[in-house]
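The values are calculated or read from the model by the stated rules, or taken from the named source; none is laboratory data. Just so it is clear, the structure is predicted and the values come from calculations on it, not from any experiment. So basically every Cβ, Gly included, is an ideal-geometry build from the backbone, and we count neighbours across all protein chains shown. Note: accessible area is taken over every heavy atom of the protein model, side chains too, but ligands, DNA and RNA are not part of it. Shrake-Rupley method; radii C 1.70, N 1.55, O 1.52, S 1.80 Å.
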Amino acid sequence: LLQVLDNGRLTDAKGRIVNFKNTIIILTSNIGAQYIDKMEKIGFAEQNAQKANYEEAKDKVMLAVKDNFRPEFLNRLDDILLFNILSPEAVEEIVKIQVNQVVERLAQKEITLEITKEAMEILAKEGYSPQYGARPLKRLIQSKILTSVASMMISEGMLKGGRVSVSVKGEEFKFDVKK
């Protein structure tokens with residue numbers, strides 16, 4: 001990586017050169033994620049306290065970055081950005097996008113999937129973590145929705161033209177299958 005950042009090129013073991021001169025490289029890390037909890041509480045404080053809490057959390061994260069990466073690496077970076085936590089509205093939008101991808105996949109098999117608003121809210125609540133962002137959401141949708149639908153396709157012989165409605169009863173997902 002240092003070769004790319006310094007010279008704008010990368011040479012592999014066989015001597016082939018890859019040009020990185022007009023490339024933007026974005027690196028991400030969860031270093032300092034333990035301080036995100038503090039940032040999560042920012043939304044409920046007054047304006048001045050919000051800014052002070054954010055700056056304090058940012059300083060701690062930047063110290064963690066400096067503790068984990070060597071100075072010669074950090075010196076080659078143009079900028080380091082600290083992202084805010086996702087708002088509940090943003091998480092809901094991510095849930096919609098992820099669920100729509102599942103709906104489209106099933107539509108290719110001519111199976112209709114409908115998910116109630118309550119089920120979407122449960123997915124958003126259970127699938128989001130301030131420390132890990134929305135990454136666990138994809139796994140949750142796969143384990144709670146896709147795996148169940150796939151089992152129904154096999155056990156109940158639901159193929160083309162099938163319809164699955166997903167709702168919530170208590171905290172559990174309920175599936176209504178129509179062949």
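Before moving on, here are some points about what is shown:
- Take the chain and mark each of the GluC sites (Glu not before Pro) that is in a DSSP loop with at most 10 other Cβ atoms within 10 Å; the longest unmarked stretch, sites excluded, is 47-109.
- Residues whose placed amide H lies under 5 Å from that of F69, excluding near-sequence neighbours: none
- Between Q108 and V65, the contour length at 0.36 nm per residue exceeds the Cα-Cα span by 11.0 nm.
- In this structure, the amide hydrogen of I115, modeled 1.01 Å from its nitrogen in the peptide plane, lies closer than 5 angstrom to those of V166, counting only residues at least 5 positions away or on a different chain.
- For G162, the residues whose amide H sits under 5 Å from its own are T112, ignoring neighbours fewer than 5 places away on the same chain, with H placed 1.01 Å from N.
- C-alpha long axis of helix 88-108 to longest principal axis of the chain, angle in °: 60
- Whole-number accessible area per residue in Å² for segment 139-179, which is evaluated in the context of all protein chains at 1.4 Å: 64
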